[in-house]
1. Within region A:199-222, work out how many residues are in a helix (DSSP H, G or I) and touching a residue at least 24 places away in the same chain (Cβ under 8 Å).
2. Specify which of the listed residues (B:L217, B:L246) is under 18 Å from B:E427 (Cβ atoms), of a type outside the set (V, I, T) and not in a loop (DSSP other than H, G, I, E, B).
3. Consider region B:273-315. How many of its residues are of a type in the set (S, T, N, Q) and assigned to a helix (DSSP H, G or I)?
4. Filter region B:405-430 for residues that are more than 11 Å from A:D260 (Cβ to Cβ) and of a type in the set (G, A, S); which is nearest to the chain's Cα centre (by Cα)?
5. Being surrounded by 15 or more Cβ atoms within 10 Å (Cβ to Cβ), more than 14 Å from every other protein chain (Cβ to nearest Cβ) and over 25 Å from A:F275 (Cα atoms): is that true of A:F124 here?
6. Whether any residue in region B:61-80 is within 14 Å of another protein chain (Cβ to nearest Cβ) and buried (at least 20 other Cβ atoms within 10 Å of the Cβ) is what I want to check.
7. Suppose we filter region B:104-143 for residues that are outside any helix (DSSP H, G or I), within 14 Å of chain A (Cβ to nearest Cβ) and on the phi < 0 side of the Ramachandran plot; how many remain?
8. Looking at region A:129-140, which of its residues are closer than 14 Å to A:G189 by Cβ, in a helix (DSSP H, G or I) and touching a residue at least 24 places away in the same chain (Cβ under 8 Å)?
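The values are calculated or read from the model by the stated rules, or taken from the named source; none is laboratory data. All figures in this text were calculated on a predicted structure; none of them were measured in a lab. In this analysis, Cβ positions are derived from the backbone assuming ideal geometry, glycine residues included, and neighbour counts consider all displayed protein chains.
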Amino acid sequence: MTTTVTKTRPAPAPQGKGPRPRSRLTARRLAPYAFVFPAALLFAVFKLYPIGWSFVLSLFKSVDGVDTYVGFDNYGRLFRDPLFWTALKNTGTILLIQVPVMLALSTGLAVALNSAFLRARAIFRLGFFLPMVTGLVAYGVIFSVLLNQQYGLVNWLLSNVGIGEVPWLTDPLWAQISLGLVLTWHYTGYNAVILLARLQTIPGELYDAASVDGAGAWKSFRHVTLPGLRPAILLTTVLSTIGTLQIFDEPFILTGGGPDNATLTIGVYLYQNAFTYFDFGYASAIAYVLAVLIGVLGLIQFRVLGDKS
Amino acid sequence: MNVSRRRVMGLGGALAASAGLGGLTGCSSGARSGSAGNPAKGDITVWSWAGPAAEMRALVPKFNKLYPGIEVTVQDIGNPAIWDKITTSMAANGAGLADVLHIGVDYLPAYTDRFPGQLADLSRLGAGKYRTAFADGLWGTVSRDGSRVDALPWEANSGGFYYRADVFEDAGVDADALDTWDDVVEAGLKIKKKTGKYLLGIDKPASQQDSANLFQLLLQLQGTMYFNLDGDIMVSSPEAVRAMTLIKKMNDAGLVNDISGGWNALITSIKSGTAAVLPWPTWFGGVIEDSVPDQAGLWRVRLPPAVRRGGTNAATVNSTHLAISGTSHHQAAAWKFVEFVLTRPQSQVQIYKAKGIAPALMGAYEDPVFHQPSKFFSGQHKGEVFLKALNADSPAFNYTSDYARALKAVTDAQTRVLLRGADPATELRGAADQLAAQTARKVAR
């Protein structure tokens, strides 16, 4: 790109040579579009097109290998499908139990990592963030080995302190607990870093003022820290909600959605319908319902937690 | 940066939509068409997994002596990863599909029904002349209408009953005298009492699809499977209830070890010798030999006992096949390779010697290797044990395109029976009804 942009007034072009001022203006106007075009094109091809085509797919069903238009039948089928409701319930359970616990832990961790009393702070921050950079499949496999009822390290350690075998992945309730623990291990540090970043923007004067007013540690946390963290809490809540509703890798690798569908999530059920049963229309319908759910829950969270002013 | 809430919500909506909706694009039927190409020239790619991939790779130098112009690349995609890879390629109208595909009997009907035309019709390449070359019943699997040929059979796995001879001896049980699975349960009680070992292992929470293998074996020994030949649902048939009741009986008596955790847990359990019996098909013999070479002489094998007294103990429980992609532009060259691997007895003998994979090609069994005593299996003629099963009358099983759904319904039912003590008949009836609602198939009652 040779266009000069530093001059406030372009020099008149010699007659018959180079672009005229009007053309140069047009080129300047077009320049940002030229820069944006590749990204817009990629977005259209890899995002907009799949989104649109998924909806089209959701209106079709394969009959004898031929895609047949069935209108909204796939959506109606969802309401009559007990496995879909099981998946929805399991995902909702994670959302209502694991996410709040994890965010509370993240908040506590962020406050601790921000403390002036903490030494080797960088090492702790790195330590808690490291799980986030571990590959999803890799850590899923590692946990499935660690939590194996008979041959896993966790039960071996527990047996050494006199605790019997825990059916981490083989009992429906324990499998749900295990999934919650694994998710918490992976994402707590990530959320803590977001909260920590926000925590560091809260002016120290506010704490000084609170202290002068006689506020103790708890009152300072409640009346200074928490309100200050509000935007970060909103962000982590919305991101965790979206992540939880789409959760796939961990239950798929740890338990395959079992036992007895106890850890079957909407993501896993969507995958099963598409790539195990080849029912792409139905899987697309699940994807659309999932997207609507994410949108609605995001909206509610913004309403409840967002800045009222 | 100042970002309005409306903007953030808009962004969130877009994120949500793209997050949930991407990934299914391109999933539609209709294949591009390939071509035969030059039968003596071309680069072909083969998709398989683990042992079979290694064995095909080992055959390539000999193949190239006959066909120097055909370059073969065998890729070990892994199992079950290969099914996802084939599915996504077929869903993308064959884009990226290998020329030769190794496909199990449980996936073949689903691929041919859901993606018609994505597998080449091998009858056009001359497959018809091998119609009688393979084990009984397998031609019907690869050529369902009798004229079109979707694949050629490779393995024909018969149900087997591998057992630790030393454990049986310690418990004072004669394995050869077990006529029925009720006898096996009685033997299991003695083994548990005398040696403390489990009778067998099952992945009770169904962490892997293999968890229903014993249930399927017990069904097939009774001549039935999840669907009848008309495609009607049979998972709640009297035979199925009997099979699940037998499994419950073993479990309730404390004879079933939980081997959840997939392949590694299974191999670990074999190494630690927790169970006396491995009711696995032919190919598993090679796995036992590879896994516990130090246990040579401790293992024996026989065909499984019948479910009912006087019933059969021979069942071809599964098979695998080589197919050619309908979009391949080197179908003729790919066929030459498939023909070389599957219809040439020397190739199948070499594979059997290396990995114990049982050929569907009956001509291969004339080789002495199938009739020699096995040092590992206590001097038994292991090859002949399974050959006897292959030569027995074997009913055809209709896996249908809904096998995967049926397997899911059945494994869920089995998990409830094993982990919660649920009633087999009730659970299987529920599984049948669920399957009927999902597939619009009739339940044969």
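1. Final tally of qualifying residues: 2.
2. On the way: B:L217 fails: under 18 Å from B:E427 (Cβ atoms).
Every option except B:L246 fails the conditions.
3. Just the residues of region B:273-315 that are of a type in the set (S, T, N, Q), to begin with: B:274, B:282, B:291, B:295, B:312-313.
Add one more test, that the residue is assigned to a helix (DSSP H, G or I), and what stays is B:291, B:295.
Final tally of qualifying residues: 2.
4. Quick first cut of region B:405-430, residues more than 11 Å from A:D260 (Cβ to Cβ) only: B:405-410, B:421, B:423-426, B:428-430.
Keeping just the survivors that are of a type in the set (G, A, S) gives B:406, B:409, B:421, B:425, B:430.
Working: B:A406: 15, B:A409: 18, B:G421: 28, B:A425: 26, B:G430: 25 Å.
This residue is B:A406.
5. On the way: surrounded by 15 or more Cβ atoms within 10 Å (Cβ to Cβ): yes; more than 14 Å from every other protein chain (Cβ to nearest Cβ): yes; over 25 Å from A:F275 (Cα atoms): yes.
Yes, satisfied.
6. No, region B:61-80 contains no residue that is within 14 Å of another protein chain (Cβ to nearest Cβ) and buried (at least 20 other Cβ atoms within 10 Å of the Cβ).
7. Going residue by residue through region B:104-143, those that are outside any helix (DSSP H, G or I) are B:104-107, B:115-121, B:126, B:131-137, B:143.
Of the ones still in play, those that are also within 14 Å of chain A (Cβ to nearest Cβ) are B:104, B:106-107, B:115-119.
Still in the list and also on the phi < 0 side of the Ramachandran plot: B:104, B:106-107, B:115-116, B:118-119.
Residues flagged as outside any helix (DSSP H, G or I), within 14 Å of chain A (Cβ to nearest Cβ) and on the phi < 0 side of the Ramachandran plot within region B:104-143 amount to 7.
8. Kept after step one, since they are closer than 14 Å to A:G189 by Cβ, are these residues of region A:129-140: A:129-134, A:139.
Checking which are in a helix (DSSP H, G or I) leaves us with A:129-133, A:139.
Once the filter is applied, which keeps residues that are closer than 14 Å to A:G189 by Cβ, in a helix (DSSP H, G or I) and touching a residue at least 24 places away in the same chain (Cβ under 8 Å), region A:129-140 yields A:F129, A:L130, A:P131, A:M132, A:Y139.
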